[in-house]
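Here the structure is laid out as structure tokens; the discussion comes afterwards.
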């Protein structure tokens, strides 16, 4: 009896349930009272089946509706008894708190970098070739060796060139002797001509002979210098400081002036350069930043994870590539540890601006809506507050906020899809403190 009383009491809580229950009981009772005589008449044969079905079809439909109402009422009563939210439980009818992770608005320096892919190129690279034909007597280097400017690389057979030099020296001595004799003859011809003994024609011949021999001695001096240069070419030295590549010759071979392959290559590694490109839209930012002084660069590996070297911007190309819409730039690196190698692909980060006291937030906190950019701020009551933002720049996972936030406020950085304005929040933790990736 108590259970029946409790059952009815639970259903009396909801007026809609009471109405549905009364309607169901009334229809059921009417069908029972009217259906018993009809069944007796059918059993006795006083009525036909078709007439009974037509008459009671509407009643059956009403019974089905009443049954649905009863089930609804039963469910309402069950929910009330189980303590589920109803109109009488307003404290339990609000939305569940949205689970989110948050981060604080910080005031700190904000650096703006331009990132690009580049290729390391040596500042200087030379291919060593012989400037004279000759036999290789000595190879004085090893493959991969670091050499300094002036170090001996290859020694050719110098005997033929030394003989040529000595021959030129002897020829000059011979011509100098002839010149001395011609000058003496000229002096005698001058005296004799004044005395009327020699004709003027002889004097002119002596003068021309002296001039001719003087020029011949000068030519001998030039021949000596040429022979000395050719002799010096047999000793091949490094023109710069750098690293030697593969050796392309061996001792005992004959080299020629017109050989195309050369004997070796030397690449200068310190300093070294990196060539990279930027979109033409960044050209104005770079030029404006250069007005304040040299721009610092950082060279990273191709994945952009490991720092290799730091340098400065040394050149902006004099024209934009109209086909690709990019501008070429060149950076110089000291490369004391030889971390940069010619031909290596690197990621370049160019610092173009630094804001010392900037309001900075994770870029994942910034959302885009129909009215622009916004973010959800955790209010003092633990509810979400929608703030419209004005963002100046976004770089390296951070956003520079011009308007809309104050340092110290907490922002939602993950779980936005469950957040609604003024809705309660369940803070799972700080994104940075828990090590959560918010990008």
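Of the residues that sit in segment 314-334 and are surrounded by 13 or more Cβ atoms within 10 Å (Cβ to Cβ) and more than 19 Å from the chain's Cα centre (by Cα), which one is farthest from residue 290 (Cα to Cα)? It comes out as 334. Across segment 233-288, which residue is surrounded by the most Cβ atoms within 10 Å (Cβ to Cβ) among those that are part of a loop (DSSP other than H, G, I, E, B) and touching a helix residue (DSSP H, G or I) at 6+ places or on another chain (Cβ under 9 Å)? Here the residue is 234. You will find that of 112, 126, the residue that is in contact with a strand residue (DSSP E or B) (Cβ under 8 Å, 6 or more places away or on another chain) and either modelled with pLDDT of 90 or more or assigned to a loop (DSSP other than H, G, I, E, B) (or both) is 126 and no other. Being farther than 30 Å from residue 123 by Cβ, in contact with a strand residue (DSSP E or B) (Cβ under 9 Å, 6 or more places away or on another chain) and modelled with pLDDT of 90 or more, is that true of even one residue in segment 232-242? Checking segment 232-242: not a single residue is farther than 30 Å from residue 123 by Cβ, in contact with a strand residue (DSSP E or B) (Cβ under 9 Å, 6 or more places away or on another chain) and modelled with pLDDT of 90 or more. Out of all the residues in segment 172-221, which are outside any helix (DSSP H, G or I) and either at positive phi or surrounded by 14 or more Cβ atoms within 10 Å (Cβ to Cβ) (or both)? Result: 196, 198.
The values are calculated or read from the model by the stated rules, or taken from the named source; none is laboratory data. Quick caveat: nothing in here was measured; it's all calculated off a predicted structure. A quick note on method: Cβ atoms are made from the backbone with ideal geometry, for glycine too, and the neighbour counts reach across all protein chains shown.
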